1. Residues with amide H under 5 Å of E143's amide H, sequence separation 5 or more or different chain, H placed in the peptide plane at 1.01 Å from N; which?
2. Given springs between every Cα pair under 10 Å in a Gaussian network model of the chain, which of G137, G197, G58 has the largest fluctuation?
3. Given H placed 1.01 Å from N in the peptide plane, which residues other than close sequence neighbours of V65 have an amide H under 5 Å from its amide H?
4. Where a ≥ b ≥ c are the square roots of the eigenvalues of the C-alpha gyration tensor, would you call segment 151-245 rounded, which needs a/c under 1.5, or, failing that, prolate if a/b is larger than b/c, or oblate?
5. Report for the chain the percent antiparallel among DSSP-assigned beta bridges with both residues inside it, nearest 5.
6. I'd like to know how segment 1-139 sits against the 2.2 N^0.38 Å rule of thumb: what's its Cα Rg over that expected value?
7. Along the principal axes of its C-alpha atoms, what lengths does segment 4-68 span, in descending order and rounded to whole Å?
8. Quick check on the chain: helices-only [θ] at 222 nm, where DSSP H runs of length 4 and up contribute -39,500 (n - 2.57) each and the sum goes over total residues. Nearest 500, please.
Amino acid sequence: MSQRYFSEMPITTDSIRLEGAEAHHLLHVMRAEQGTEVVVFDGRGAEYKAKVSRVGRGLVDLHIVQRLDIDRELPLRISLGVALPKGERQRWLTAKAVELGVARMVPLITRHGVAQPTATALDRLRRAVVESSKQCGRNRLTEICSPEPFPAFVGQAPRDAIRLVADPRGDCSWPTIARERLQKAGSVVLAVGPEGGFAEDELTVATTAGWFAVDLGPRILRVETAAIALVALAAFTAGHDLDSA
Ligand code: SAH
């Protein structure tokens with residue numbers, strides 16, 4: 001895959017200007033000059049073949065050559081609610097969620113959770129989404145939503161989506177979440193708790209609302225391991241990606 005660049009500005013005409021880190025990388029790492037070919041995307045679903053038309057101080061103008069509607073999304077829409085771990089671990093989790101095709105990530109506010117991400121931390125995660133999308137080829141950005149209290153997240157999940165909460169006390173093993181069920185639903189909402197686990201009544205709120213409580217085995221997983229395992233299970237059980245690979 002050619003070097004991909006992200007444009008904050010929607011690409012609506014046949015030229016686009018890159019500035020900041022994207023321009024810096026093109027100019028000083030790739031040593032771009034007039035005529036250099038790149039791929040640029042704006043996170044709205046398509047990618048564009050482009051050529052450098054002008055380089056300036058801290059900026060690069062691109063001429064759009066061709067729009068390519070390349071869809072690398074999962075046919076299954078995955079929303080991941082997760083009580084985020086701290087620092088580097090939340091960045092790592094975000095990057096892996098992007099690679100696996102998660103559509104939305106919602107930081108969960110839970111009883112036993114640590115402090116919720118600040119606006120600055122959310123911005124950092126949104127930058128991590130862009131970096132991962134450049135690397136893995138996604139042309140749509142994973143949405144990083146504002147933090148939500150767990151009961152509100154449970155309440156807002158569409159009832160026709162498959163809704164799964166990961167918990168070692170769960171009574172639902174994976175084969176119960178049949179492939180046909182996932183394929184038919186078309187969307188899945190996942191919830192992963194904090195290191196301290198979901199409180200008993202939080203789990204009850206979810207199961208009473210029709211969520212499956214999924215047991216991922218006898219070992220206690222870190223938050224990010226549980227989240228990525230669950231996303232991978234949902235994505236690959238639905239099978240669409242593997243079927244078409
Ligand atoms: N002491 C906590 C462990 C929390 S681990 C407890 O006993 O609940 C952090 C989160 O990862 C959990 O809330 C759950 O969502 C998920 N998780 C970790 N290990 C899991 C397992 N074996 N099965 C299902 N979910 C798990």
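1. Here the answer is R104, M105, since their amide H atoms fall under 5 Å of that of E143.
2. The residue that fluctuates most here is G58.
3. Hits under the 5 Å cutoff: K49, A50, K51.
4. Taking the square roots of the gyration eigenvalues as a ≥ b ≥ c, segment 151-245 is oblate.
5. Close to 45 percent.
6. Scaled against compact globular proteins, the figure is 1.18.
7. Principal-axis extents of the Cα atoms in segment 4-68, largest first: 28, 20, 16 Å.
8. -9500 deg cm²/dmol
Each reported figure results from applying straightforward, stated rules to the coordinates on display, with no laboratory input. Quantities reported herein were computed from a predicted structural model and do not represent experimental measurements. Note that we place each Cβ from the backbone using ideal geometry, even for glycine, and neighbour counts take in every protein chain shown.
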